[in-house]
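Novice: Mind having a look at this structure? Questions to follow.
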Amino acid sequence: MKRLVLFALSFPLLSASPCLAADLALTPPMGWNSWNKFADKIDDKTVREIADAMVSSGMKDAGYVYINIDDSWEGGRDAQGNIQTNSKFPDMKALADYVHGKGLKLGIYSSPGPKTCADYEGSYQHEEQDAKTWAAWGIDYLKYDWCSASKVYPASEMKAVYKKMGDALKATGRPIVFSLCQYGQQNVWEWGASVGGNLWRTTGDIEDNWKSMSTIGFDKQTANGKYAGPGHWNDPDMLEIGNGGMSTVEYRTHMSLWAMLAAPLLAGNDLRNMDDATRQILMNKEVIAINQDKLGRQGYKISKEAGAEMWIKPLENGDLALALFNRSESMVSVRAVWELLGLQGKQKVRDLWARAGLGSFRDSYSRDVAAHSVVLLRVAR
C-alpha cells in the first residue's frame with residue numbers, strides 16, 4: 001500500500017458569474033435522460049413507465065424531477081412548418097400531462113442545425129416556432145445539441161445561434177430549462193449564461209467505462225469552476241450508474257465526483273429494474289445534499305499525488321465536503337491536514353457513504369482508500 005500525505009497548497013477564492021435565470025435551476029437539475037440506455041429505442045410507453053418508476057423507486061423523493069426524452073422523437077413538419085412527433089410518440093401533450101400528473105417534469109431534445117445527431121428533424125430556421133410548440137405541449141427542459149449546425153453555421157456564430165433559442169424559449173413565457181450541448185467548444189462556460197443557458201456541456205460524450213468517466217470528471221473540469229452557480233452549471237454529461245460498464249465502487253466514485261462538481265444529476269439507466277447497489281448510489285440523500293447545496297460552489301481539486309486526489313467543496317452552512325479519490329490501481333493512505341484546509345482544532349467528520357459520524361479529529365484525518373474508490377466526507381467547520 002502506498003503511503004501518501006495530501007493537503008491543500010492554497011485555498012483559492014472562487015467567484016460565480018451572475019445568475020441570469022434566477023427562477024430556474026437554482027441547484028443542479030436532477031432527473032433522467034433516455035439516451036445512455038435506450039438511444040433511439042425510446043418511445044411513449046417506455047417514458048411513461050420510467051416516470052412511474054421514478055416515483056415508485058423513491059427517486060422522486062430523493063430529488064429527481066426531470067424525465068428527458070433525448071434524440072429520435074421527431075417527425076417531419078406540417079404544411080405550416082410546425083414540428084411533428086413520429087409514430088413512437090403519438091401525442092406529446094398527453095405524455096407531458098401524464099408526467100406532470102406524477103409531480104415530474106418533461107424534457108425534450110433538438111438541434112440548431114437542420115438535423116439532429118441521429119438524423120431527425122432539427123430546429124434550423126424554426127427556432128421561435130418550435131419553442132412555441134414545446135411550450136404548448138408543456139415541455140419543461142430543452143437539450144439543444146450542436147450536431148449538424150456545424151454544416152450551416154461557422155463556429156464563430158455559435159453564441160448567437162444559442163442565444164436565438166434562448167430568447168425564443170424566454171418569449172414563450174413558460175419556464176423551460178435550457179441545456180446547451182456543444183461539447184465545451186468556444187469556452188461555452190464563459191458565455192453560456194448570457195444566452196439564457198442554465199447548463200452547458202463541458203466535454204464530449206461520456207461512455208460507460210472508468211477511463212471515460214474519470215477523464216471527463218477529474219481532468220476536464222479544472223478551468224470552469226468559477227462560472228458555475230445558481231441558475232447556470234457546468235455539465236460533464238449524464239450519469240452512467242447502473243448501466244453495467246463499471247464496478248459498484250467505480251459508480252460510487254462517479255456519483256461522488258459529480259456531486260463535488262455541482263454537476264447536473266441525470267440518471268441514464270433503466271429505472272424500472274435497478275439493483276440495490278444502483279439504488280443506494282443514486283438515492284444517497286447525504287451525497288445528493290452535497291450536489292444540491294444552495295451555495296452553488298463547484299468543488300475543486302487541491303492536491304494530486306501518485307493517482308490520489310483530494311477535492312473540497314465549500315457548503316452553505318460553513319461545512320466542507322472533502323473527497324479523497326484514488327485513481328490508482330492499489331490502496332493508498334490519504335491524510336488531510338486541517339490547518340492547510342483553513343481549519344483549526346477539532347473537526348467533526350461524517351462519512352457520507354457509510355452514513356455514519358466518525359467522531360471529532362484534531363489537526364488532521366487519515367484514511368486508506370481502495371483503488372478506483374472514494375471516501376466522501378462532510379467536515380463541520
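No value in this document is a laboratory result; all are computed from the given coordinates. These numbers were taken from a predicted model, which means no experiment stands behind them. Please note: Cβ atoms are built from the backbone with ideal geometry, for glycine as well, and neighbour counts cover all protein chains shown.
Novice: FRET efficiency for Thr215 and Asp78, Cβ-Cβ distance as r, R0 = 56 Å, nearest 0.05?
Specialist: 0.80
Novice: Further question: For region 21-81 and region 218-236, write down the distance between their C-alpha centroids in whole Å.
Specialist: 23
Novice: Name the residues whose placed amide hydrogens come within less than 5 Å of the amide hydrogen of Leu358, ignoring near sequence neighbours (fewer than 5 apart) on the same chain.
Specialist: Under 5 Å from the amide H of Leu358: Val349, Arg350, Asp351.
Novice: Per residue of the chain, what 222 nm ellipticity follows from adding -39500 (n - 2.57) for every DSSP H run with n ≥ 4, rounded to the nearest 500?
Specialist: -6500 deg cm²/dmol
Novice: Also: I'd like to know which of Leu358, Ile312, Val334 lies farthest towards the positive end of the charge dipole of region 300-380, counting +1 on Cβ of Lys and Arg and -1 on Cβ of Asp and Glu.
Specialist: Among Leu358, Ile312, Val334, the one farthest towards the positive end of the dipole of region 300-380 is Leu358.
Novice: Rounded, prolate or oblate for region 30-291? Axes are the square roots of the Cα gyration tensor eigenvalues, ordered a ≥ b ≥ c, and the cut-off for rounded is a/c under 1.5.
Specialist: Note, shape of region 30-291 comes out oblate.
Novice: Please determine, in degrees from 0 to 90 and to the nearest 10, the orientation of helix 248-260 with respect to the longest principal axis defined by the Cα atoms of the chain, where the helix direction is its Cα long axis.
Specialist: 80
Novice: Which angle between 0 and 90 degrees, to the nearest 10, do you get for helix 44-56 versus the longest principal axis of the chain when only C-alpha atoms count?
Specialist: It is inclined by approximately 30 degrees.
Novice: Can you compute the charge dipole magnitude of the chain about its Cα centre, using +1 on each Lys and Arg Cβ and -1 on each Asp and Glu Cβ, nothing else charged? Give it in debye, rounded to the nearest 20.
Specialist: On the way: 44 positive and 45 negative charges, 266 e Å.
Dipole of the chain, to the nearest 20 debye: 1280 debye.
Novice: Given the Cα-Cα distance of Asn187 and Glu316 and 0.36 nm per residue of separation, how much length would full extension add, in nm?
Specialist: So the extension gain works out to 43.7 nm.
Novice: So, R0 is 25 Å and r is the distance between the beta-carbons of His100 and Asp40; what FRET efficiency does that work out to, to 0.05?
Specialist: 0.50
Novice: To the nearest 10 degrees, how steeply does helix 158-171 sit against the main Cα axis of the chain, on a 0 to 90 scale?
Specialist: Helix 158-171 sits at roughly 70 degrees to that axis.
Novice: Here's something else I'd like to know. For the pair Thr172/Lys348, report the inter-label distance in nm, with labels modelled 7 Å from Cα in the Cβ direction.
Specialist: Label at Thr172, label at Lys348, 4.5 nm between them.
Novice: Given R₀ = 56 Å, FRET efficiency for Gln125-Ala289 by Cβ-Cβ distance, to 0.05?
Specialist: My answer for the efficiency is 0.80.
Novice: Extending each Cα 7 Å along its Cβ direction at Ser194 and Ser364, get the distance between those two points in nm, one decimal.
Specialist: Result: 4.5 nm between the two label points.
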